[in-house]
Amino acid sequence: MPKFAANLSMMFTEVPFLARFEAAAKAGFKYVEYLFPYDYPKDVLKTKLQDNDLQQVLFNTAAGDVQAGEWGVSAIPGREADSHRDIDLALEYALALNCPNVHIMSGVVPPGENYAKYKQTFIDNVRYAADKFQPHGIKILLEALSPQVKPNYLTASQFQTLELVDLIDRDNVFVQLDYFHAQNVDGNLTRLTDTLNGKFAHVQIASVPERHEPDEGEINYRHIFDKLDEIGYEGWVGCEYNPRGKTTDGLGWFKPYK
Ligand SMILES: O=C(O)[C@@H](O)C(=O)CO
Ligand SMILES: [Mg+2]
C-alpha cells in the first residue's frame, strides 16, 4: 500500500504554514513534503515534525529570484557558486530534519539559449550534490515540469529526466515521478511506470487537467497505486494537489489508505 505524504505547500492552506503540520497529522498523514523550508529555522520545523509524529520526506533546493522568473539555478551557466550554496544549505536542512530526499531545481532555459550548456551545467552541479549527499544516505531527485506549469524548465518529459539520471551516473540520483506532469507531457502511464521502474525514488500525484484531488479527471489513480504495489515501489507518494475546496472535505480518496 502506498505511503502518502501531505504536500504542505498545496494542502491545508486554510491555515498558516506552521499550523499545517498539525492539520496533516489530524487528517491521518504520517509523512509530509513541501517545496521550501528556508523561511523557518531548522529547530522550529524539527519541533513541528516531532510534536505531530510526522516524518519529512522531501523538500527542494531554493528557487532563487522567483519574481525574475527563476525556478532553481543549478542549470544556469555562471551560477555554479549559487547552486553549490543552495545545495549546501539543503544538505544542512536535510540532516537537521532527517529528510531522505532532496529535489534539486534546475531552472529554466530561456528560448534561444544554448540548451546543451545548461544541461552540462546541471549535470556538473548535481554530481557535486550527489557526492556531498552520498555519505549521509540522502537521495537526490530530478523532476520534469510540464510547460503549462513552468514553460522552458530544463526537463519537461520523464524521458529527458531519465537521460539526465543516466548521464549523471551516481547511485543516489533518481527521477521524481510526478504523474501530473507525466500525463501532461508523456502519457502512457502504466508503461512509463515500468520503463522508469528502479529509476524513480519519489512519486507525486494530482488529477489532470485541474491538479485537484486524485479522484477525478484523466488519471485512474487506483490503477496507478496498484501498479506501484505490483512493481514493489517502496518510496513515498506526495499529494501535490490544490484541493477543490477545504482540504479535509476532499480526503475521501485517502480513507482506504490511512
Ligand atoms: O511539481 C512541482 O511543481 C513540484 O514538485 C516542484 O518541486 C517544483 O515545481
Ligand atoms: Mg511535482
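The values are calculated or read from the model by the stated rules, or taken from the named source; none is laboratory data. Predicted, not measured: the structure shown is a model, and the values here were computed from it. Ideal geometry is used to build each Cβ from the backbone, glycine not excepted, and the neighbour counts take in all protein chains shown. What goes into the accessible areas is simple: the full protein's heavy atoms, side chains included, and nothing from ligands, DNA or RNA. Shrake-Rupley method; radii C 1.70, N 1.55, O 1.52, S 1.80 Å.
Contact map, region 198-213: residues that are closer than 17 Å to residue 230 by Cβ paired with residues that are part of a loop (DSSP other than H, G, I, E, B), Cβ distance under 6 Å, separation 6+ or inter-chain. Pairs shown: 205/214.
Examine region 198-207 for a residue that is aromatic (Phe, Trp, Tyr), within 13 Å of ligand 2 (Cβ to nearest atom) and in contact with a strand residue (DSSP E or B) (Cβ under 6 Å, 6 or more places away or on another chain), and state whether such a residue exists. Talk me through it step by step, then tell me what you get.
Restricting attention to region 198-207, the residues satisfying the condition of being aromatic (Phe, Trp, Tyr) are 200.
If we keep only those that are within 13 Å of ligand 2 (Cβ to nearest atom) too, we end up with 200.
Within this subset, residues satisfying the condition of being in contact with a strand residue (DSSP E or B) (Cβ under 6 Å, 6 or more places away or on another chain) are 200.
Checked region 198-207: at least one residue is aromatic (Phe, Trp, Tyr), within 13 Å of ligand 2 (Cβ to nearest atom) and in contact with a strand residue (DSSP E or B) (Cβ under 6 Å, 6 or more places away or on another chain).
Annotation note: Cβ proximity below 9 Å between a residue of region 229-245 that is over 24 Å from residue 149 (Cβ atoms) and among the hydrophobic types (A, V, I, L, M, F, W, C) and a residue that is open to solvent by 20 Å² or more (accessible area, probe 1.4 Å) and more than 11 Å from ligand 2 (Cβ to nearest atom) (sequence gap 6+ or interchain) occurs for 231/194; 231/197; 231/198.
Just for region 125-162: of the residues that are in a loop (DSSP other than H, G, I, E, B) and over 15 Å from residue 106 (Cβ atoms), which one is farthest from ligand 2 (Cβ to nearest atom)? Break it down stepwise before answering.
Kept after step one, since they are in a loop (DSSP other than H, G, I, E, B), are these residues of region 125-162: 137-138, 144-152, 154-157.
Narrowing further to those that are over 15 Å from residue 106 (Cβ atoms): 137-138, 148.
Values: 137: 23, 138: 19, 148: 13 Å.
In this case the residue turns out to be 137.
Can you tell me which residue within region 1-33, out of those that are within 16 Å of ligand 1 (Cβ to nearest atom), assigned to a strand (DSSP E or B) and not small (Gly, Ala, Ser), is most open to solvent (accessible area, probe 1.4 Å)? Ranking the qualifying residues of region 1-33, first place goes to 31.
Give the residues of region 37-62 that are surrounded by fewer than 22 Cβ atoms within 10 Å (Cβ to Cβ) and without any contact (Cβ under 8 Å) to a residue 40 or more places away in the chain, sorted by residue number. The answer is 39, 40, 41, 44, 47, 50, 51, 52, 53, 54. When region 164-197 is filtered for residues that are within 16 Å of ligand 2 (Cβ to nearest atom), in contact (Cβ under 8 Å) with a residue 40 or more places away in the chain and of a type in the set (D, E, K, R), only 178 remains. Quick check on my filter: what residues within region 157-179 are closer than 22 Å to residue 217 by Cα and open to solvent by less than 10 Å² (accessible area, probe 1.4 Å)? Result: 158, 176, 177, 178, 179. Annotation note: of 114, 101, the sole residue that is of a type in the set (S, T, N, Q), open to solvent by 10 Å² or more (accessible area, probe 1.4 Å) and modelled with pLDDT of 95 or more is 114.
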